[in-house]
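Please read the structure below before turning to the comments.
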Amino acid sequence: MAVQDYFLPKSLDQALDLLVEHGPSLLVMAGGTIAMPLINDGVSMPEKVMGLRHAGLNTIRRDNGTLVIGATATLTQLGQQDYIPMLQEAVRHIGGWQIRNMGTVGGNLFAPPPAGDLAVALLALDATVTLASKKRGLRTILLQEFFTGFMTTALAPDELVTEVRVPLPRGKTGYVKYARKHANTPAIVTVATHIVTEGNKVVDARLALNAVGPHPIRAQRAEKLLVGLPLNAENISLAAKEAAAECDPSTDAIATDWYRRRMTEVFVRRVLEHLVEQE
Amino acid sequence: MPSRIVAFNLNGRDVEVMVKPLTTLQTVLREHLHLTATKSGCRQGGCGTCTVLVNGEPMLSCLLPVEDIAGQKVVTLEGITPIEGLHPIQQAFFDNYAIQCGYCSPGVIMVIKALLDRNPNPTRQEIMDAIAGNVCRCTGYEPILRAAEDAARRLQSA
Ligand SMILES: Cc1cc2nc3c(=O)[nH]c(=O)nc-3n(C[C@H](O)[C@H](O)[C@H](O)COP(=O)(O)OP(=O)(O)OC[C@H]3O[C@@H](n4cnc5c(N)ncnc54)[C@H](O)[C@@H]3O)c2cc1C
Ligand code: FES
Ligand code: FES
């Protein structure tokens, strides 16, 4: 059945009203780079669709020590800020030019793995997600709590993502996407890290992985292992092994679970080694 | 739900179309307006042959509901082709054998147009980055890179 109605709300308020009025029969989309292919293919046959392109949620601004990214800011827009170079690096590795011009930051939080190459960087930076609903107003949760399973999130049916807030990193950051091709290619594994050191010891560590779990995940055992230790070859190698042991990859057309796990070890090690080399 | 009228600027002229909900710009161009330079390949965002410029930015017309771009400026390959002869980018593609079956060409040429509008003298790497969203199954890309470099030279000396 063809789509019966397409709404293009002009504000967040209008969008939330439409969500209440139409309930679950309304499919939400922002850039449409995930939703439209499914509709074109007939895999998804929504009765009603709401597009967020004109809902006024696409600004990027700096608020004290935080980068505030509107949910419908495009990946291209995010690539133009330079407060957080790791996010520019992540954007460079997503899709081609056209996908970056259309795909949004908010949409990337819903991308099923192996997509989610921006979300994994946001996860490493302790980003929070702001959710809005008509009834309950705004709430802010950690991105880590936003992900609940494969293609499931903490978003309630009457909610929209309005913003992603990213504190400016205090330590060093690293990002690498390993894939079969250099560009416009699904990840075998993507690693994003943020390491804070004092003296020669790690005091805080974030190690986030994509394409090796049901959603972008943190390798928390590997993170814990690093805290209190110097970031040297031996500890890096231990952390890389731990990350490979705790990730949960699956097999798809791109790589086997076995290969993904092996490459997780290799690329966690390389990202961390690279941080040391930067000194 | 009844159809709606959507107005936008296409290749410098204002047009109005009547569309069903969620009709894509690709469908409007090809089926309503019979402008078939913009191709339909995968309709999945994966091939890039449906690329058009919206306010100068390369976008995939197969994923873009036309209502989203109401009031905006769209340029397709027809829009850069002169009445007589070819645009310098088209001529460079022709002369450098960058067109074999030609199915990817409309999308690739629009991307190269957008690139050269921003960066008249791109490096090879910048050209590769720009066309990363366009698939060509024939040329092996090398002739396309040469054509883009040649087009940059032609436009600069023009
Ligand atoms: C050819 C191609 C290559 C790609 N390459 C990559 C890649 O390399 N890496 C990668 O990570 N991704 C990739 N993607 C996937 C996708 O383009 C990106 O993940 C993009 O960021 C998705 O954003 P969107 O706005 O287009 O999503 P949409 O399709 O608009 O949204 C998808 C779903 O997310 C939900 N949603 C979106 N925004 C909101 C909101 N504000 N509030 C509530 N719900 C919302 C809705 O349920 C919606 O249906 C690729 C896609 C294609 C077609
Ligand atoms: S037809 Fe639009 S990307 Fe292939
Ligand atoms: S010339 Fe045939 S696909 Fe490019």
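Things to note:
- Selected residue [among the hydrophobic types (A, V, I, L, M, F, W, C), touching a strand residue (DSSP E or B) at 6+ places or on another chain (Cβ under 8 Å) and open to solvent by 20 Å² or more (accessible area, probe 1.4 Å)] from A:A187, A:A183, A:A156: A:A156
- Being buried (at least 20 other Cβ atoms within 10 Å of the Cβ), closer than 22 Å to B:A70 by Cα, in the same structural domain as A:L155 (by TED's automatic domain parsing) and out of contact with any Asp or Glu (no Cβ under 6 Å at 6 or more places or on another chain) holds for only one residue in A:A15, A:A30, A:A73, and it is A:A73.
- Per-region count, the stretch A:1-49, residues of a type outside the set (A, V, I, L, M, F, W, C) and over 19 Å from A:L131 (Cα atoms): 14
- The set of residues from the stretch B:136-158 being open to solvent by less than 60 Å² (accessible area, probe 1.4 Å) and not polar (S, T, N, Q) comprises B:C136, B:C138, B:G140, B:P143, B:I144, B:L145, B:A147, B:A148, B:E149, B:D150, B:A151, B:A152.
- Scope the stretch B:46-84; condition under 23 Å from A:D5 (Cβ atoms) and more than 8 Å from chain A (Cβ to nearest Cβ); matching residues: B:S61, B:V66, B:I69, B:A70, B:G71, B:Q72
- Of residues in the stretch B:45-54 being within 16 Å of ligand 3 (Cβ to nearest atom) and open to solvent by 10 Å² or more (accessible area, probe 1.4 Å), the one nearest to B:I80 (Cα to Cα): B:C47
- Filtered residues of the stretch B:19-59 (kept if in contact (Cβ under 8 Å) with a residue 40 or more places away in the chain and basic (K, R)): B:K39
- Close pairs (7 angstrom Cβ cut-off, 6 or more residues apart or separate chains): assigned by TED's automatic domain parsing to the domain that holds A:K177 and at negative phi in the stretch A:89-100, more than 9 Å from ligand 1 (Cβ to nearest atom) and modelled with pLDDT of 95 or more anywhere: none
- Within the stretch B:116-134, the set of residues being open to solvent by less than 20 Å² (accessible area, probe 1.4 Å), more than 11 Å from every other protein chain (Cβ to nearest Cβ) and not in a helix (DSSP H, G or I) comprises just one member, B:P122.
- Selection status of B:V75, within 12 Å of ligand 3 (Cβ to nearest atom) and open to solvent by 20 Å² or more (accessible area, probe 1.4 Å): no
The values are calculated or read from the model by the stated rules, or taken from the named source; none is laboratory data. From a predicted model like this one, the values you see are computed outputs, not experimental measurements. For neighbour counting, all protein chains shown are included, and Cβ atoms are generated from backbone atoms with ideal geometry for every residue, glycine included. Only protein heavy atoms, including side chains, enter the accessible area calculation; ligands, DNA and RNA are left aside. Shrake-Rupley method; radii C 1.70, N 1.55, O 1.52, S 1.80 Å.
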